[in-house]
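The next block holds one structure in the form of structure tokens; read it before the comments.
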Amino acid sequence: MNGMVLDRALALHLGVVALLFVLQFILPAYHHGIVARVLVLASFALGYNILFGYTGLLSLGHALFFGAGIYGTGLVMREFGWPASAALFSGILSAVTVSLIVGFLALRTVGVAFMIVTLMFAQAGYLTSLYFNEFTRGDEGFVLQQATRVIGPFDLSEPTTRYFAALLLFAIGLLIKLALVRSSTGRVLVSIRENEERSRMLGYNPFRYKLLALVVSGAFAGAAGAMYGLLFGYVGATFVTIQYSIFPLLWVLLGGAGTVLGPLVGTLFMFYLVDLTSGFTTASLLVVGVSLVVLILWFPKGLLGTVRQRVLPWLP
Amino acid sequence: MEFGPHLLLASLEGAVAAAVLALTALGLSLVFGVMRVVNVAHGEFFMLGAVLAWWFANLVVGNPALGFIIALVGAPLVVGVMALIADRLVLRRLHYDPEATIVATIGMLYILQQLALTFYGPDARPVVAPINFRVNFPWFGYSGYKFIVIAAAVVLMLGVWLLLARTKIGLIMRATQYDREMAQAFGIPVQRVYAGVFALGAMLAAVAAVLIVPIQQAHYLMGQDPLLLSFIVVIIGGLGSLRGTVVAAIFIGMSDGIISVFFSPTLAKILATLLVAMVLVYRPAGLFGARTA
């Protein structure tokens, strides 16, 4: 029974990746571009969910890790002329380093204090990106030249390649996350979310597991940020603003905290909600605000969380 | 200008900033202290106060002082009513759960910001000061209205202190802060106390904004800096400690004013935010607060 359940979950996730692969040939150009963007940002949200949905830590500072990824990639390309592939690793490495430092400090606090500490670190990071505007060009940002956004024979600014690169990032992230949450480590993370003291009593070291979750989550954010810079060619301080800390929270809440596929559902849903409503109103912030309030009031489990509760109890 | 007068000017600017900051942060601190709610939309109540002040002041033509007084009374009242509605429709339904209310107030932040953008527009607009005289120092003249801001802030803070320390309403509020369940057992209507405190906190932010709006124009994004600075003040002062909040507001407001004159304001903000993070990590009770939060 157990083996069959595991296979069913794995099949579902591989099916989703296959569906996204096929979609590339069907989608019209406009939606093609949107879905590529959604896949990169959904990878960001996948990582956020490891920390928030599975470990129960609500961070308000993930823009810092996304920003570390995008600047870690963009700056070495612009200042030192690194090739895109090396710059991608530099972006991920910067995010891992930053999340290790933030984790060591912020994880000494819990609850509301953790939320504010992460918020403050991200704010300091944002202000730093403005302060060094000689290199970062501050709010204005800078463009990565199309000729440099190439890995091997693949031109990342070309729409089809861009879609596949985004899908590859998402698929790797999805499978790593699926493996993580089904492993014994994943179970310890959930046990910390449910009752930290009890997991400590059982002999686990909560700090080490929380730090692991934060760094993995930071690496996802960094990879998404680095990839975003490479695929869309723009690096700027907007990606470190508080909005980019709020967005992954919103997408994860919407899709379902503590579900593997929830972040993708949430990100897709939110993008198309804003896209559809932009036909009637320019008030996209209102859509974000109202969805946050409605979600937290009536659907704290999110879309897939509700599906899991009502229909598919085996959904990971 | 020589160093001495320059420092005096910086200190005066710092004192005005500190006065407004103290009022705003007091509202945030009160809400956190009594309700344990971190109100991320607090800065937007500040912004609404300023925007409404512009609207009220423009109802009266020809007499800026009368317009300003109407704004001083009207804007906080409207903001207070909006806070009551937010409490009733959202916070109460969440049972004031600390984490859920943060997400909900982030939502409110975006809603209020967008409403201001839609109905008020993206422009920054000034409100005329109610009085116009200058205080002449030997080195420079200084706007007399700024002294009125400081005086008004001091009077309002004394009023809040009297309310909390000397009236029955204050006693009920302190009892609710001290032990919510015990207060309820003694027949205190905790729900109504919470609604009142949330409205009072929002009104303090609004009144601070009305005071500052003749100096700094009303704009739909103006709530962000006061929010961040209020957070800093409330944390440094000790979560839930009102006295600590006022002391920290004076400290942060003055030093922000003075540092910004002599150094880069961005650098000052970076250092302040990092300081706050470190205080929360190593001294969660705050630098001045003795009680644990």
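General observations
- Single unsatisfied condition, B:V135 versus (1) more than 11 Å from chain A (Cβ to nearest Cβ); (2) modelled with pLDDT under 85; (3) not in a strand (DSSP E or B): (3)
- Spans of helices (runs of 4 or more DSSP H) in region A:180-237 with at least 2 residues in contact with a Ser or Thr (Cβ under 7 Å, 6 or more places away or on another chain) and closer than 22 Å to A:P316 by Cα: A:184-194, A:206-232
- Identity of the residue in region B:230-248, more than 16 Å from B:V154 (Cβ to Cβ) and either within 11 Å of chain A (Cβ to nearest Cβ) or of a type in the set (S, T, Y) (or both), that ends up surrounded by the fewest Cβ atoms within 10 Å (Cβ to Cβ): B:S241
- Enumerated helices (runs of 4 or more DSSP H) restricted to region B:153-216, each holding at least 1 residues that are in contact (Cβ under 8 Å) with a residue 40 or more places away in the chain: B:168-178, B:190-212
- Scan of region A:145-163 for residues that are of a type in the set (A, V, I, L, M) and either outside any helix (DSSP H, G or I) or within 9 Å of chain B (Cβ to nearest Cβ) (or both), ordered by number: A:V150, A:I151, A:L156
- Positions within region A:124-144 being without any contact (Cβ under 8 Å) to a residue 12 or more places away in the chain and outside any helix (DSSP H, G or I), in sequence order: A:F132
- One residue from A:F114, A:F121 being in a helix (DSSP H, G or I), without any contact (Cβ under 8 Å) to a residue 60 or more places away in the chain and surrounded by 15 or more Cβ atoms within 10 Å (Cβ to Cβ): A:F114
- Being in contact (Cβ under 8 Å) with a residue 60 or more places away in the chain, buried (at least 16 other Cβ atoms within 10 Å of the Cβ) and assigned to a helix (DSSP H, G or I) is true of A:T267.
- Restricting attention to region A:96-116, the residues being within 11 Å of A:L58 (Cα to Cα), within 9 Å of chain B (Cβ to nearest Cβ) and of a type in the set (V, I, T) number 2.
- The conditions of being of a type in the set (V, I, T) and within 17 Å of A:V294 (Cβ to Cβ) are met by B:I102.
- Boolean, B:F68 is assigned to a helix (DSSP H, G or I), at negative phi, in contact (Cβ under 8 Å) with a residue 12 or more places away in the chain and over 12 Å from the mean Cα position of the chain (by Cα): yes
- Taken residue by residue, region A:76-93 has no member that is modelled with pLDDT of 85 or more, within 14 Å of chain B (Cβ to nearest Cβ) and closer than 21 Å to A:Q243 by Cβ.
- Answer residue from region B:90-111, given it is modelled with pLDDT of 85 or more and more than 8 Å from chain A (Cβ to nearest Cβ) and is farthest from A:L58 (Cα to Cα) among those: B:R92
Let's see how each residue does on (1) within 13 Å of chain A (Cβ to nearest Cβ); (2) closer than 28 Å to B:P126 by Cα; (3) β-branched (V, I, T):
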{"position": "B:E44", "(1), (2), (3)": "yes, yes, no"}
{"position": "B:W55", "(1), (2), (3)": "no, yes, no"}
{"position": "B:P64", "(1), (2), (3)": "no, yes, no"}
{"position": "B:F68", "(1), (2), (3)": "no, yes, no"}
{"position": "B:V73", "(1), (2), (3)": "no, yes, yes"}
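- Of the candidates B:L21, B:L59, the single residue that is modelled with pLDDT of 90 or more, under 25 Å from B:V78 (Cβ atoms) and in contact with a helix residue (DSSP H, G or I) (Cβ under 7 Å, 6 or more places away or on another chain) is B:L21.
- Positions within region A:248-293 being closer than 28 Å to A:V181 by Cα and within 14 Å of chain B (Cβ to nearest Cβ), in sequence order: A:P248, A:L249, A:L250, A:W251, A:V252, A:L253, A:L254, A:A257, A:G266, A:M270, A:S291, A:L292
- Residue within region B:122-130 that is closer than 30 Å to A:L119 by Cα and within 14 Å of chain A (Cβ to nearest Cβ) present: yes
The values are calculated or read from the model by the stated rules, or taken from the named source; none is laboratory data. As the structure is a computational prediction, the values presented were derived from the model and not from experiment. Note that we place each Cβ from the backbone using ideal geometry, even for glycine, and neighbour counts take in every protein chain shown.
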